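The values are calculated or read from the model by the stated rules, or taken from the named source; none is laboratory data. These numbers come from a predicted model, not from an experiment. Note that we place each Cβ from the backbone using ideal geometry, even for glycine, and neighbour counts take in every protein chain shown. Calculation scope for accessible area: heavy atoms of the full protein, side chains included, ligands and nucleic acids excluded. Shrake-Rupley method; radii C 1.70, N 1.55, O 1.52, S 1.80 Å.
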Amino acid sequence: MAQRAPLTTWYVLFAMTYLATSTIVVFDSETPVAGRMTATGFLALNAVWFLVYGRRLVERHPDDWRGFIYAAGSLATFASAVWFSGSATFALFGLVPQLYMVLPLSWAFWPMALFVLTPSILTLISGQSPALQLALAVLIIVFSHAFGWAITRIAEQNEQRGALLDQIESLTLEAERARMSAEIHDTLAQGFTSIITLLQAQQPNVELALRTARENLREARALVAATAPSPLDGSSLEDAVRRLVSASEVESSFRVIGDPAALPTSVEVVLLRTAQEALHNVRKHSGAKTVAVVLRFDPAGVSLEVRDDGRGFGDAPEGFGLRGMRARLEQVGGRLTLGGAPGASVLVEVPL
């Protein structure tokens, strides 16, 4: 769409040039009626030639010999119109830009010069004095080439802009896929794992499994609606984290240090997802008996720490969850610190 708008502008210019030149030719009282009608017919053929053949070259930019074919056909119809009516010369305002749009800059100069000189050449052939003096013709050629250079630069910039927009779109889609993967991992995948664990236990906890399933359903709806995580809907960050901690299967505690402050939604999402992922890892991997979660507010920023008494991280490589945490934190300027000995500690700090 960004590339089509400039072309549409050019098409309007070409159409206005054809219409204006045809009008001038029709009302040229110094030319016989038959000559005026014939010249108008050749101008119409020139316009049809552009629509049938030239327009495709303008849009595809082949930069090869096909541009010369278009230039030859356009010159033949233009010269015929000028032969019957000198007023058809005004069509140059639309024809010269076309040459630079179908030919490379260095190739377009000579066809352009021939187009500009055609009215003078035809008047000399007819035995009349050229209305366009040589010095003026040279000046027009110089300005036309400068104008052609500007057209070429604009076309190149449009192509570069289009390529950049395509690249931005591709990166945006890639980032969105990564975000959705992290969201699904942090919410739905963990929720389903918890449900399976609860139902496969020796004494299945159906009530907690149902509550987890309902939470997963809310998360799925939130993802579809592209809203904040469902635990944040209508509640503060502290309350959302407190609910996550209270639902943990490991003996857990939660406390808030400092005066809670209003946070950007993006920061709240990062902190909530960090707590969610860390608690999930504690339950699934650590073998811990207790876990403590601390949410701290101070003037410099906000931090969240999840510490357990389990086996720690050891030498195991970071999994998708921890990589997802780091990626989320980079988006809000935060950092992730892993600790241990004994147990394991996940500390997230976000400056404000």
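Show 7, 114 ordered by accessible area, largest first, where the area counts protein heavy atoms only and the probe is 1.4 Å. List each step's numbers first, then the result.
Details: 7 25, 114 80 Å².
Largest accessible area first, the residues go 114, 7.
At 1.4 Å probe size, with the rest of the protein present, what percent of the exposed accessible area of region 6-81 is carbon and sulfur atoms? Working shown, then result.
Details: 2870 of 4020 Å².
So the carbon and sulfur contribution to the accessible surface is 71 percent.
Run a plain Debye calculation on region 56-147 (Cα atoms as equal point scatterers, no solvent) and give log10 I(q)/I(0) at q = 0.15, 0.21 Å⁻¹, rounded to two decimals, same order as the q list.
For region 56-147 at q = 0.15, 0.21 Å⁻¹, log10 I(q)/I(0) is -0.56, -1.02.
Please list, in chain and number order, the residues 5+ apart from residue 290 or on another chain whose amide H is under 5 Å from its amide H, with Hs placed from the backbone.
So residue 290 has HN proximity to 309.
Taking the highest mean first, how do the peptides 53-64, 250-261, 70-81, 85-96 order by number of other beta carbon atoms within 10 angstrom per residue? Working shown, then result.
Numbers: 53-64: 15.7, 250-261: 13.6, 70-81: 19.7, 85-96: 22.4.
Descending mean neighbour count gives 85-96, 70-81, 53-64, 250-261.
Within the set of other residues whose C-beta is less than 11 Å from the C-beta of residue 285, count the net charge using Lys and Arg as +1 and Asp and Glu as -1.
Within the 11 Å Cβ shell, the charges total +2.
Any chance you could list the semi-axes, whole Å, largest first, of the equivalent ellipsoid that the Cα gyration tensor gives for region 13-117, using √(5λ)?
25, 13, 11
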